[in-house]
Structure formats: structure tokens, C-alpha cells
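Data block below; observations after.
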Amino acid sequence: MRCAFNTALMTSAHTAFAEALAKVFVREGLRVLTPESFGVCAPESVDIYVDTSDSTDGRDVFTEGAGLDESLTRRIYEHNVLRPMTLLEAHLKALIGGQGRRLCFLSSRAALTSSALADSNWAYKLSKAALHMFLQMAANKLLPMGFTFRLFDPLCGLLAPEAAAEAAFSYFTRRRGTERDNPMRDDETRLVLRDALGGEHAW
Amino acid sequence: MNAVFITGADRGLGYALCASYLADGFTVFAGKYLCDYSLLERLGERYTERLHIVPLDVGNPESVVAAYAYTAERVGGLDMLISNAALMGRVNCSLLDPPMDIEAAWRSFSVNALGALRLAAAFMPLLSAGQTRRLCFVSSEVASVTLMKHSRSDGFPYPMSKASLNMAVRLLFCKYYPLGYTFRLFHPGWMKRMLPDGSLSEEAEYDPTDIAATARNYFDNDLGDEHRLIMLDYRGREWPY
């Protein structure tokens, strides 16, 4: 069955996962747009939006006395929070003009406050906590307008990018929870994080 | 003698906590940020030996380092660190009312989340030398992704920063609880604003002095389940993340 979306906008296709996902979109018949492809002429309508921002850094560690590296923390926050906010604002009009109104973002189960560990990536985890709240508040505004949200952990390092991309495509393009179009079974009003193996995780 | 460091002590809950700990014989290091408030100085007239007013902007790493040096010169150890300083206020940061003030999100994050982390990182040596080894953080109900059901008209930055604060406390807890430190995460409720003359605004529900008493009950006493990091509110109710 062909998916219900015609045009996908990806904020970047430079990572292995994003590149693999773009290939799956094309294989399934979607037109894939990236900022490089449309330049300054932003598209007028987009059906599904995929923000692939998900920046980590091996130097992102906490040390007693010094805490976090200030400039590195700023860069990670810019990439994982400020950039997604800016891009969503920039493309919201095109999304309102599209048919799908589906917004997809990347995160990690390691960045959930209820289960996060102090091993590494402190600034990354702080940034994702902010992103999660931004998306929850954005969902509160946009769900009544017909938007739906996907927050996805591609399990980088555990799964091959191609396998994660197949899982992402499946999750991004189908409706969640609907059982034979029974609205009582719909599950689109919750913002949840699911990983590439189908696991759903508590905030 | 017990010693405690409290940030955001110029007014409101921070100030009320200072007054309460001083009344109970504590030595208090009070982080001062606001130039137009002198409530701490007036309090200092009563507690000349035990109240130390420390210039502090937790959004500035150098200021945090200077505050630590000031404190370390005057006390050998701290029993408790209370991170209360926060950046609030209305900003234009709504998706449906562009343009969003994106930089406001960073400013809130830098003070409300990163500021608390800067403080904890810097003050660990003094806390290590103290007897209680307790870190207390004033958070908010709006830190809870699970229960965030509204989109405030004044934008995203404050709730986003408080969600990051809860994550920061979670990471500190994971690192330092096994080393003997204990943690408190507290949602104080909607408090009346304390004005420069010490009076309270009509708006809001609760008197900061009453909330300070509730907070102290949570901050000062040992819990039966210190191994579990939770966020409690002013009524003792637990909030999910």
C-alpha cells in the first residue's frame, strides 16, 4: 500500500541514518526535499517533516569543578534545540499548506529523565530534555490543527542505519493506534518516544 | 555550625529561606543578583556574623567561580546547597506568533539549568567537606513533560529550561548519590512576588515564607527512600518527569 504522504521535507540528509531514510522515502514514491534542494525558495506545501538534528560529541563530559565545557554545550544546544525550533517555525506555513501535517524528530532513550544515566553526554541529555518539552508544548498547540508527532530513537550504534530507516519509515508514515478507523482506538494525542525496535519509553 | 548556600536570595523563596535558616542558627551564604533589592542587607543588620551576601549570577561561569572562592575563604564546608535562582518573565516565543525569540530559550537554559549545574560542579569540594552533603533544587511543575497540557502564551523557554534542570539533577543524582550525597527537587507553587520593600504582590496564591517552611521540611529531613530521585511539590505530592 502506498503511503499517504507525497512530499517529505528533511532538514538534512547528511548522516548515515538520514541518507538511508531519504532513500526509503524515494523508494516509496515520496518527493524528498532538503534545504540544499530548494535553496532560498522554500516549498509551499509539505506533507511530512523530518528534523534529523541529533548531535552528540565525545568530549561532552561533566567534570567536578569545571562542570560542562561551555562552548561545546552551547553548540550542542544550538544544534539539538535552537535549530529545530528555528526550522519548524520557518516551515510551519508549508506544513499547514500540506496534506499530512506530520512532524518527526530524533531523540534517544538515553535522554529520558526517568531513566538517564550519568555515564556521558550530559549536554546532549540536557538539550534533548528541552527539545522534548518544546515538542510537548508545540503538540498542545498543533494537535488541534490536525498535526501529529513522531519522536524516534534510531538506536545509532545498535542498529544499522538502513534497518533504522526502515523502522522510521514505518513509524513515521502510518497512523498510530487506529484500529479500523475507530477513533476510540486512536493514540495520536500522546507525545511518546519510540525506538527503532518498537520500544516505547517513559519520560 | 551548619552552613548553607542559597542562590536567588534577593527576594521571594530564596530570601525567605535565608531568613528561616538564619533564625535557626545557620550560617547562610546568600547569592545576590538584583541591584534594586536590599532586603538581604537589611537582614544582615540582624545577623552580622552569620549572613554572607555573595554577588552571584549563575548564568555567568566566572561569577560562579568567584562565588565559590569567596565562600571557601570563609567556611571549611557546606552542609547544603540550595539552587533557587531562576530567570522568568514573558518572552515572545510562540510558534503561532512569529518570530520566536530563539535566544530567549538559550538564556533560560543557561541560567535555570546550566546555572544549577555550574553551581553544583563548583561547590562540590565544599559540600564534600560538609556533614550533610545535600543538594536542593527549586524546579517547577512545568518541568514535567508528562503533565504539560498547555502551551503558555508567553512561550517555551521557561518550561524547556526546567525540563533540562530536572535532567541535570537526575544526572547529578546518578553520579553523586553513590558517593553519599542526597538530593531534593522541589516545585514551590505559585508564590506572591516579593517587592523591594518586602511586601507581597496581590497576584498569585502563596506567601513565600509559608512555602519556605514547607521546603525546609523537605530539604532538612532525611527520607526513607533517598535512593529514588523524585520531585515533590509544596503539598508533598510527587510529580512525574
How big is D for region B:1-121, in µm² s⁻¹ as a whole number, if Stokes-Einstein is applied with the Kirkwood radius of its Cα pairs at 4 °C and 1.567 mPa s? 85
Given a 1.4 Å probe and every protein chain left where it sits, what share in percent of the accessible area of chain B is carbon and sulfur? 50
Using a Gaussian network for chain B with springs between C-alpha atoms less than 10 Å apart, which of these wobbles most: B:THR209, B:THR132, B:THR48? B:THR48
With every protein chain left in place, what is the accessible area per residue of the protein assembly as shown in square angstrom, probe 1.4 Å? 42
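Translational diffusion coefficient, Stokes-Einstein: compute it for region A:7-202 using the Kirkwood radius over C-alpha pairs as Rh, at 20 °C and 1.002 mPa s, and state it as an integer in µm² s⁻¹. Let's see the in-between values first.
On the way: Rh = 17.4 Å.
Using the Kirkwood radius from Cα pairs, D works out to 123 µm²/s.
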Largest-first principal axis extents of the Cα set of region A:133-203 (Å): 36, 31, 20
In whole angstrom, how far apart do the alpha carbon centroids of region A:1-79 and region B:85-125 sit? 24
In whole percent, the Cα-Cα distances of region B:90-241 spread across 5 Å bins from 0 upward as 2, 9, 16, 18, 20, 17, 11, 6, 2, 1, 0
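Structure shown: which of A:LYS125/B:LYS32; A:LYS128/B:LYS162; A:LYS128/B:LYS192 lie over 21 Å apart, alpha-carbon to alpha-carbon?
Details: A:LYS125/B:LYS32 29 Å; A:LYS128/B:LYS162 12 Å; A:LYS128/B:LYS192 32 Å.
Listed pairs above 21 Å: A:LYS125/B:LYS32; A:LYS128/B:LYS192.
Remind me, what semi-axes does the protein assembly as shown give for its equivalent ellipsoid, largest first in whole Å, using sqrt of 5 times each Cα gyration tensor eigenvalue?
43, 22, 19
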Of A:GLU162, A:GLU78, which has the most accessible area with a 1.4 Å probe, and how do the rest follow in descending order? A:GLU162, A:GLU78
What does the extension gain come out to for B:GLU41 and B:ASP225, with contour length at 0.36 nm per residue minus their alpha carbon separation? 62.4 nm
With the dipole of the protein assembly as shown defined by +1 on each Lys or Arg Cβ and -1 on each Asp or Glu Cβ, the option from B:LEU171, B:HIS52, A:LEU197 whose Cα lies farthest towards the positive pole is A:LEU197
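Please give the FRET efficiency for A:ASN182 paired with A:GLN99, using the beta carbon to beta carbon distance and R0 = 30 Å, rounded to the nearest 0.05.
Working: r = 22 Å, r/R0 = 0.74.
Efficiency, from the Cβ-Cβ distance: 0.85.
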Counting only helical runs of four or more DSSP H residues, what would the 222 nm mean residue ellipticity of chain B come to if each run contributes -39,500 (n - 2.57) and the total is spread over all its residues? -11500 deg cm²/dmol
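The values are calculated or read from the model by the stated rules, or taken from the named source; none is laboratory data. For clarity, every value in this text was computed on a predicted model and none was experimentally measured. Ideal geometry is used to build each Cβ from the backbone, glycine not excepted, and the neighbour counts take in all protein chains shown. Keep in mind that these areas ignore ligands, DNA and RNA; they rest on the heavy atoms of the full protein, side chains included. Shrake-Rupley method; radii C 1.70, N 1.55, O 1.52, S 1.80 Å.
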